[in-house]
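Novice: Mind having a look at this structure? Questions to follow.
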Amino acid sequence: MDFRLTGDQRALKQGVRELLDRRFGREALRAAVEAAGGTGAGAGEGVAESAGAGAGEGDGGGRAQGGGGAQALDRALWRELGAAGFFALRLPEAAGGVGLGLPEAVLLFEEAGRALLPGPLVATHLAAGEVPGAAEGETVVTRTDGELVEWLDAADVVLGPAEGAVPLRSVDPLTPLHRLPGTGHGTGTGHGTGTGHGTGTGTGADGRAPSHEASLLTAAEQLGSAARTTELAVAYARTREQFGQPIGAFQAVKHLCARMLVRTELARAAVYAAAVTADPVEVAGARLLADEAALDGARDCLQVYGGMGFTWEADVHLHLKRAWVRAERGLSGAAAEELVAARL
Amino acid sequence: MDLAYTEEEEDFRARLRAWLAAELPTLPPRPDPLDWPGRRAYDCGWQRRLHDAGYGHVHWDASPTQRLIFLEETERAGAPYVGANFVGLLHAGPTIAAEGTAEQRERWLGPVLRGDEVWCQGFSEPGAGSDLASLRTRAVRDGDAYVVTGQKIWTSHAEVADWCELLVRTDPGAPKHRGITWLAMPMSGPGVTVRPLRTLAGSTEFAEVFLDEVRVPVGNRVGDENDGWRVTMVTLSFERGTAFVGEVVACRRLLGELARTARKNGRWDDPVLRRRLGRLGAEFQALWRLTQWNVSEAQATGGVPGVGGSVFKLRYSHARQELYDTAAAVLGPDALDLGREWNRDRLSSLSYTIAAGTSQIQRNIVAERILGLPKGR
Ligand SMILES: Cc1cc2nc3c(=O)[nH]c(=O)nc-3n(C[C@H](O)[C@H](O)[C@H](O)COP(=O)(O)OP(=O)(O)OC[C@H]3O[C@@H](n4cnc5c(N)ncnc54)[C@H](O)[C@@H]3O)c2cc1C
């Protein structure tokens with residue numbers, strides 16, 4: 001037994017971190033947020049029309065309305081991710097993939113979560129090998145998930161039934177959301193899939209993309225976000241001074257940071273182990289801990305930042321809002337708890 | 001990220017399992033928890049059997065992974081835990097092994113491994129708990145002995161111990177961390193008075209130890225005079241590193257039992273309670289994985305457990321208390337009946353966030369040593 005990352009795994013993680021730093025660093029993140037429309041100031045309808053800036057490659061679709069409407073995805077970045085093997089990672093080499101497994105995928109998604117990389121990453125990764133062009137980063141794939149769909153307008157292919165979807169003003173500026181009518185249990189064919197497996201409940205019941213894999217990759221993103229907010233809080237606590245000393249010297253602040261680290265490291269052990277075993281119950285447990293680490297981590301980071309934490313300018317809110325969106329994806333907290341309980 | 005055990009490790013596990021299966025049925029009945037001499041004899045008898053079968057040294061010499069397997073398998077089989085040998089095997093022993101002279105190792109380690117001698121830990125004092133380095137028990141050199149006077153408190157197993165790993169102040173003028181010395185003190189000598197303290201669980205797990213001009217030979221000093229703080233840190237990192245492996249395994253078993261009880265008594269139908277049990281299941285599974293992570297790190301860095309133990313202990317001690325609170329919710333009115341083991345264990349678990357460094361102190365350690373936050377004033 002050696003649970004540590006192998007040299008190759010460390011190199012892979014480092015490589016993705018560098019790629020994302022270069023291609024989606026802080027400036028790109030903030031530019032994407034501004035391009036997505038709205039500064040978040042004022043909740044009026046007036047911000048709705050600024051959507052669709054950027055590369056202008058979203059399909060438009062005529063459904064755009066509200067702040068989270070026809071938002072563009074950076075197609076050049078998407079293709080670069082494809083070229084780097086982000087989507088083809090787990091396809092066999094003979095099929096043009098990288099031939100790696102879930103543990104490596106989890107490391108990639110952890111980095112994506114850390115960088116707040118936007119787009120239907122999980123759905124496209126899971127569609128690689130099934131939907132033409134997904135593996136290469138040519139095709140953007142999304143999937144209906146219960147009552148929600150992420151990135152519906154920007155996607156080329158939608159898996160699952162998305163008829164009658166109406167846009168929400170998404171809480172996360174970088175995740176446009178649509179809401180499906182009814183309870184989301186429709187069984188109609190999805191639009192534009194071209195692969196013929198657009199039926200299903202959107203929860204992976206079609207067996208092609210087991211929902212526990214989606215849950216695990218989502219958990220990995222949450223883990224990356226938790227690690228990042230811990231880092232941000234610690235860095236801020238070391239430099240911000242009040243009462244003549246860095247605020248990190250105050251125990252109340254120090255203990256918030258310590259708790260963030262404890263939650264993050266426990267979630268890390270859980271997520272990595274679930275990637276190794278691929279056991280659906282272990283995945284459900286890892287998801288619980290990763291959601292907790294991300295949600296509480298962003299909240300505590302906000303607290304450590306003080307007034308700065310309440311600003312649009314600090315990245316803290318972006319982590320919190322994305323973590324909220326991810327927490328709604330796939331397996332709910334209640335369902336995960338039930339799943340673990342059933343095995344006790 | 002490899003969770004599979006090597007063939008050699010699986011071999012070790014299989015041999016141990018077979019030995020446990022043959023040995024455990026031949027154990028004498030467990031003594032009453034209040035019968036200290038009986039407990040000592042029982043714990044030492046078990047250590048003797050381990051020693052004779054070649055497992056006596058497993059806490060020291062075996063690889064971290066073998067130690068993990070050992071603790072996992074013994075707990076799973078329902079074997080006794082270290083008990084009265086806790087300090088000898090997990091504190092004083094490793095310290096002597098790391099810092100003692102050849103002669104000292106010869107004198108003290110064998111009897112610990114054979115279950116012949118029991119140790120206790122005399123660190124805490126009435127005025128020195130979390131701030132251990134402020135301890136005041138004095139040791140004055142007189143020829144070839146130290147003359148020790150002072151008071152220790154919360155000394156676990158003091159009633160049945162042969163030896164005490166004792167921290168004393170040898171230089172009152174030096175800064176507090178620099179005037180401390182580590183001594184091995186015989187508990188039977190003149191001037192040592194043990195007064196048992198009753199815990200909130202009603203038992204006498206620990207005691208006050210009064211020291212009145214106790215003579216301890218200079219040859220019983222481990223490490224240099226005034227270097228005791230550094231020597232001690234070796235001990236404490238052992239305490240926090242691997243001491244809880246068996247307990248995580250135990251918690252997972254207990255949680256399973258609790259779920260069975262809930263299914264039987266109908267509380268399982270309460271979704272809030274059921275989900276609370278599910279969350280605990282996720283928690284202990286993750287703690288087990290974190291243990292494997294820490295053991296893998298220790299294996300790679302040569303076996304000395306690091307600050308990762310603090311991260312673990314913080315979450316574990318809290319989770320274990322939550323386990324007993326959840327048990328109380330499952331048991332309902334029976335949770336008030338001390339005739340049930342669950343409730344006695346619930347009382348014991350209240351010490352987990354205090355003993356071996358309180359949760360607040362652990363958070364200071366995590367924040368300052370791992371995250372690099374500045375020390376407070
Ligand atoms: C069951 C049990 C067995 C024990 N066995 C032994 C033994 O065998 N040998 C031995 O030497 N000792 C033993 N101890 C003692 C144990 O190590 C101490 O109780 C522990 O270190 C805390 O010290 P204290 O009790 O003096 O509490 P204090 O240090 O007085 O702490 C009281 C409260 O103040 C908080 N506090 C103190 N300092 C700080 C700080 N800097 N920042 C924030 N909060 C702070 C603490 O977290 C705690 O909440 C045992 C204790 C227990 C409960």
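Novice: State yes or no: is B:D325 in contact with a helix residue (DSSP H, G or I) (Cβ under 7 Å, 6 or more places away or on another chain), more than 30 Å from B:A97 (Cβ to Cβ), among the acidic types (D, E) and without any contact (Cβ under 8 Å) to a residue 24 or more places away in the chain?
Specialist: The answer is no for B:D325.
Novice: Now, a different point. Of the residues in the stretch A:254-290, how many are of a type outside the set (K, R), more than 8 Å from every other protein chain (Cβ to nearest Cβ) and in a helix (DSSP H, G or I)?
Specialist: The qualifying residues number 9.
Novice: Of all residues in the stretch A:1-19 being under 23 Å from B:Q292 (Cβ atoms), in contact (Cβ under 8 Å) with a residue 40 or more places away in the chain and part of a helix (DSSP H, G or I), which is farthest from the chain's Cα centre (by Cα)?
Specialist: Among them, the one singled out is A:Q9.
Novice: Oh, and also: So, of the residues in the stretch B:188-205 that are farther than 13 Å from B:I153 by Cβ and more than 13 Å from the ligand (Cβ to nearest atom), which turns out to be surrounded by the most Cβ atoms within 10 Å (Cβ to Cβ)?
Specialist: Only one residue fits best here, namely B:V192.
Novice: Then there is this: With the condition kept exactly as written, say whether any residue in the stretch A:306-320 is facing another protein chain (nearest Cβ under 8 Å) and either closer than 30 Å to B:L258 by Cβ or not small (G, A, S) (or both).
Specialist: Scanning the stretch A:306-320 turns up no residue that is facing another protein chain (nearest Cβ under 8 Å) and either closer than 30 Å to B:L258 by Cβ or not small (G, A, S) (or both).
Novice: Quick check, is A:G202 outside the structural domain of A:L102 (by TED's automatic domain parsing), within 19 Å of the chain's Cα centre (by Cα) and modelled with pLDDT under 95?
Specialist: Yes, satisfied.
Novice: Which residue pairs have Cβ atoms under 9 Å apart, sit 6 or more places apart or on different chains, and have a first residue in the stretch B:154-177 that is farther than 26 Å from B:V118 by Cβ and a second that is within 9 Å of the ligand (Cβ to nearest atom)?
Specialist: Pairs found: B:K176/B:D131.
Novice: Another one. So, in the stretch B:56-83, exactly how many residues are closer than 27 Å to B:E106 by Cβ and over 10 Å from the mean Cα position of the chain (by Cα)?
Specialist: Number satisfying all stated conditions: 12.
Novice: Follow-up. Could you check B:I96 against (1) more than 16 Å from the ligand (Cβ to nearest atom); (2) more than 17 Å from the chain's Cα centre (by Cα); (3) within 18 Å of B:W182 (Cβ to Cβ) and say which number it fails?
Specialist: B:I96 satisfies every listed condition except (2).
Novice: Kindly indicate the residue of the stretch A:232-251 that is under 12 Å from B:N364 (Cβ atoms) and assigned to a helix (DSSP H, G or I) and also farthest from the other protein chains (Cβ to nearest Cβ) among those meeting that condition.
Specialist: Once the filter is applied, the top-ranked residue is A:Q251.
Novice: Suppose we filter B:P37, B:P33, B:P28 for residues that are more than 14 Å from chain A (Cβ to nearest Cβ), loosely packed, with under 11 Cβ neighbours inside 10 Å and outside any helix (DSSP H, G or I); which single one remains?
Specialist: B:P28
Novice: May I pose another question? From B:V330, B:V366, which residue is buried (at least 16 other Cβ atoms within 10 Å of the Cβ), within 14 Å of chain A (Cβ to nearest Cβ) and more than 19 Å from B:L277 (Cβ to Cβ)?
Specialist: Of the residues listed, the single one that is buried (at least 16 other Cβ atoms within 10 Å of the Cβ), within 14 Å of chain A (Cβ to nearest Cβ) and more than 19 Å from B:L277 (Cβ to Cβ) is B:V366.
Novice: Here's a follow-up. Every residue in the stretch B:243-266 that is touching a residue at least 24 places away in the same chain (Cβ under 8 Å), away from every other protein chain (no Cβ under 12 Å) and closer than 19 Å to B:G332 by Cβ, please.
Specialist: B:N265
Novice: Pick out, from the stretch B:261-377, the helices (runs of 4 or more DSSP H) lying fully within it that include 1 or more residues that are away from the ligand (no atom under 16 Å from the Cβ) and in contact with a strand residue (DSSP E or B) (Cβ under 6 Å, 6 or more places away or on another chain).
Specialist: Here the list reads B:271-300.
Novice: I need a count of the residues in the stretch B:1-25 that are within 14 Å of chain A (Cβ to nearest Cβ) and among the basic types (K, R).
Specialist: 1
Novice: Condition check: of a type in the set (V, I, T), over 20 Å from B:L277 (Cα atoms), more than 7 Å from chain A (Cβ to nearest Cβ) and in contact with a helix residue (DSSP H, G or I) (Cβ under 8 Å, 6 or more places away or on another chain). Does B:I361 satisfy that?
Specialist: no
Novice: Of the residues in the stretch B:108-163, how many are at negative phi, part of a loop (DSSP other than H, G, I, E, B), crowded, with 16+ Cβ neighbours inside 10 Å and more than 10 Å from the ligand (Cβ to nearest atom)?
Specialist: Matching residues across the stretch B:108-163 total 4.
The values are calculated or read from the model by the stated rules, or taken from the named source; none is laboratory data. Predicted model only: the values in this text are computed from it and were never measured. Cβ atoms come from the backbone with ideal geometry, glycine included; neighbour counts cover every protein chain shown.
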